[in-house]
Amino acid sequence: MDSEHWRAVITAAQAGDRRALDELVAGWLPLVYNIVGRALNGHADVDDVVQETMLRAVGNLGSLRDPDSFRSWLVAIAMRQIRDRARRRTPDRLEEAPSSDFADLTVLRLQLEGQRREVAEAVRWLDDEDRQLLSLWWLEVAGELTRRELAAAVGITRQHAAVRVQRMKERLETSRGIVRALDGACPGLRELTGRWDGRPDSVWRKRLARHIRGCGYCGGTREAVVPAERLLVGIALVPLPVGFTLSLAFGGKTAVAATSAATSAAWSAKLLGALTKPAVAVTAGATIVAGGAYIVTQPPDAPPPRAAIAPTATATSEPPRSSAPPAPTPTPSPSATQKADLYGTVVDAVDRAPDPDTRPTALPRRPESGITSTGGPKAVMQHRGDRVTLTGRGYVLVRWQISPGSRPGALVMPSWTGLKGRLFHVASGGSRRMDDPLPGAPNGYATGMGGPDIGYAVLPPGTQQMWQNEYFYLDGTVTLTQNERGCDYGLIVFPTHRDAVVEDIDHGPPQGALRYGLVRDTGTDSAPVPQYVTRGTPADPATVPQRSRV
C-alpha cells in the first residue's frame with residue numbers, strides 16, 4: 001500500500017475534499033467488508049454492520065489526529081460494531097442462518113482449492129469470538145494488517161493477542177480436521193452424523209473431534225497438512241459481490257432519499273452536524289460493479305462520480321476468468337430487477353446419446369457450501385422405500401446399480417420429494433450410459449440394462465436414459481426415495497463437488513471410458529430438472545408424476 005498516497009487522501013478528506021472522501025470510502029470498503037463478512041460468516045446483518053462502520057468512520061474522520069493510524073482506527077471501529085451487533089441480538093435471532101455463507105464466497109471468489117479451501121470452510125466451525133479474531137488474523141497473514149493493528153482492534157496487548165491467536169489457531173486446526181473427515185467415508189463417522197442437522201456448532205465440533213482423535217481412518221491424514229498461516233499468505237481480499245450497495249444514512253433517512261425530500265434544508269443541518277467539519281455536506285451511496293468498486297458521494301448538482309482507486313491491487317480486482325458461463329449470483333441485490341422465474345419449466349427429457357468421442361462442454365461454476373446427507377458420505381439404497389435427505393448447496397452424485405440378472409423387467413424410477421429450494425440435473429458421467437454395450441461382459445450381458453439371455457431393465461416410456469453416474473445440483477433440501485418394484489436396482493448417493501464432476505465427465509475410470517460425459521447445466525434457470533420431483537410429500541413417492549412441475 002502506498003502510505004504517502006493514502007496520507008494525502010485522508011488529509012484532503014478531512015479538509016473537506018469531496019473527491020478525496022469518495023476515494024477513501026471506495027478504497028477501504030473491501031477491507032471492512034472482509035472483516036465483517038468473515039466475523040459474521042455472511043449473516044444477514046453484514047451489510048448493516050459494514051454500513052454503520054463506514055458511516056461512523058466518515059462522521060468521525062475529523063477526530064483522527066494521525067492519518068498514518070487510519071487503518072487501525074477503521075478496523076477498531078469495525079470490531080466495535082461487530083461486538084455491538086452481538087450484544088443487540090435478541091434470543092429469537094441467535095439461530096438465524098447466514099444469508100450468504102462467507103466461506104462459500106471466499107472459496108468461490110478467490111478460486112481456492114485443496115487445503116486453502118479446507119481452511120475457508122473450517123471457519124464455519126468456530127465460535128463467534130474466535131471467528132472475530134480470525135477475521136483479523138486472516139488479514140494479518142495475508143499482509144493486509146499488522147499484529148499491532150490486530151491487537152489495537154481487539155483492545156488487548158500484543159502479548160495477549162499472541163496467546164489469543166494461538167488458541168484460535170488450535171481450534172481452527174481441529175475444525176480443519178472435521179472438514180477433512182466429513183469429506184471421507186468413515187462408517188463410524190457416518191453413524192455419528194446420522195443425528196446431526198448439518199449446522200456446525202461447538203457441541204458437534206467437540207463430538208466430531210473426539211471421534212477423529214480415536215479413529216484410525218479419520219485421524220490418518222492422506223497428505224501433509226500445511227499450517228494455515230502458510231496457506232493464507234498473499235491471498236487477496238474477497239471482492240465485494242456484484243450489486244453490493246452501500247447507502248450511508250443520516251437522521252433515519254438514506255442520504256439519497258433525503259436529497260429529493262422537501263425538507264432538504266433540515267436534513268442538511270443534521271448531516272452537517274454528523275459529518276466531519278469542515279468537510280462538505282455530502283450524500284453517499286455506493287454500488288459495486290463487476291471488476292471493481294464504484295462509489296458515489298455527491299451533493300445536489302454535483303458532477304458525475306468517478307471510478308475509485310483501491311488500496312491494494314487485489315482488493316477489488318476481478319476474479320480469474322473461466323471459460324465456463326458465469327454462475328448465477330446466489331443472493332441478488334434486493335434492489336435488482338428480478339427476471340421471470342424459469343425454474344421448473346424445463347423437465348429432463350429424452351435426448352440422443354452423443355458420440356462417444358464428443359467432449360463435454362464446460363461445466364458452469366456454481367456456489368458450493370457442501371451437502372449434508374442423512375445417509376452419511378455414502379448412502380446405499382437397495383430396497384423399496386429406502387431414502388436419504390440431502391441439505392445444503394452443492395453437488396450430489398447418484399450412482400446406478402441395475403441387476404437385471406436378478407430380476408429384470410419394468411423399472412420404477414426413484415423420486416425426489418419435499419423439495420425446498422432448487423434442484424438441477426447438471427451432468428452425466430461414469431464413463432457410460434446404462435444402455436451402452438459392454439464388450440466381454442459375462443453371462444450374456446449386452447449392456448448395463450441387461451441382455452437377450454437374461455432380459456432387460458425397461459424404463460417407463462419417455463424417461464431419460466440414465467448414465468452410470470448422474471450429477472445434480474441442490475440449493476436447499478430434498479429427499480430421494482428408492483421405488484424398486486419391478487426390476488432389481490440400487491442407488492448409491494454421494495455428496496460431491498464440482499472438481500470431482502469435471503474429472504469424471506472428462507476422463508472416466510482408470511481402465512478406460514466408453515465415452516466422455518455429458519454436461520446438461522446451462523448455467524441459467526433453463527437447466528433441466530429431474531422428471532420425478534415434487535415440492536410435496538406424497539404418501540407413496542412412486543406416484544410422483546413423470547413430467548412433474550416444481
* Asked: What single numbered condition from (1) out of contact with any Ser or Thr (no Cβ under 6 Å at 6 or more places or on another chain); (2) open to solvent by 10 Å² or more (accessible area, probe 1.4 Å) fails to hold for V36?
  -> (2)
* Asked: Is at least one residue of the stretch 207-217 in a helix (DSSP H, G or I), under 24 Å from the mean Cα position of the chain (by Cα), modelled with pLDDT of 85 or more and under 15 Å from L134 (Cβ atoms)?
  -> no
* From the options A26, A78, residue that is of a type in the set (G, A, S), at pLDDT below 85 and either surrounded by 22 or more Cβ atoms within 10 Å (Cβ to Cβ) or closer than 24 Å to S135 by Cα (or both) -> A26
* Which condition does A185 not pass, out of (1) at pLDDT 80 or above; (2) farther than 17 Å from V119 by Cα; (3) not in a helix (DSSP H, G or I), if it passes all the others? -> (1)
* To do: Report, by residue number, each residue of the stretch 457-477 that is part of a loop (DSSP other than H, G, I, E, B), open to solvent by 10 Å² or more (accessible area, probe 1.4 Å) and either in contact with a Gly (Cβ under 9 Å, 6 or more places away or on another chain) or not polar (S, T, N, Q) (or both).
  => L459, P460, P461, G462
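Residues checked against (1) open to solvent by less than 40 Å² (accessible area, probe 1.4 Å); (2) in a helix (DSSP H, G or I):
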residue	(1), (2)
V123	yes, yes
D130	yes, yes
S135	yes, yes
G143	no, no
A152	no, yes
A161	yes, yes
Q166	no, yes
* Looking at (1) β-branched (V, I, T); (2) surrounded by fewer than 21 Cβ atoms within 10 Å (Cβ to Cβ); (3) within 24 Å of the chain's Cα centre (by Cα), find the lone condition where I178 falls short. => (2)
* To do: Specify the residue that is least open to solvent (accessible area, probe 1.4 Å); the eligible residues are those in the stretch 1-15 that are modelled with pLDDT of 85 or more and among the small types (G, A, S).
  => A13
* Within the stretch 384-402, track down each residue that is open to solvent by 40 Å² or more (accessible area, probe 1.4 Å), under 23 Å from G448 (Cα atoms) and part of a strand (DSSP E or B). => R399, Q401
* Structure fact -> Per the filter on the stretch 356-371, residues surrounded by 21 or more Cβ atoms within 10 Å (Cβ to Cβ) and β-branched (V, I, T) are I371
* Evaluate the stretch 423-434: report whether one residue or more is open to solvent by 30 Å² or more (accessible area, probe 1.4 Å) and touching a strand residue (DSSP E or B) at 6+ places or on another chain (Cβ under 6 Å). => yes
* To do: Tell me which residues, restricted to the stretch 478-527, are part of a loop (DSSP other than H, G, I, E, B), touching a Gly at 6+ places or on another chain (Cβ under 6 Å) and either at pLDDT 90 or above or crowded, with 22+ Cβ neighbours inside 10 Å (or both).
  => C487, G517
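The values are calculated or read from the model by the stated rules, or taken from the named source; none is laboratory data. No experiment lies behind these values; they were computed from the predicted model shown. Cβ coordinates were reconstructed from backbone atoms using ideal geometry, including for glycine residues, and neighbour counts include every protein chain displayed. Surface accessibility is based on the protein's heavy atoms, side chains included, excluding ligands, DNA and RNA. Shrake-Rupley method; radii C 1.70, N 1.55, O 1.52, S 1.80 Å.
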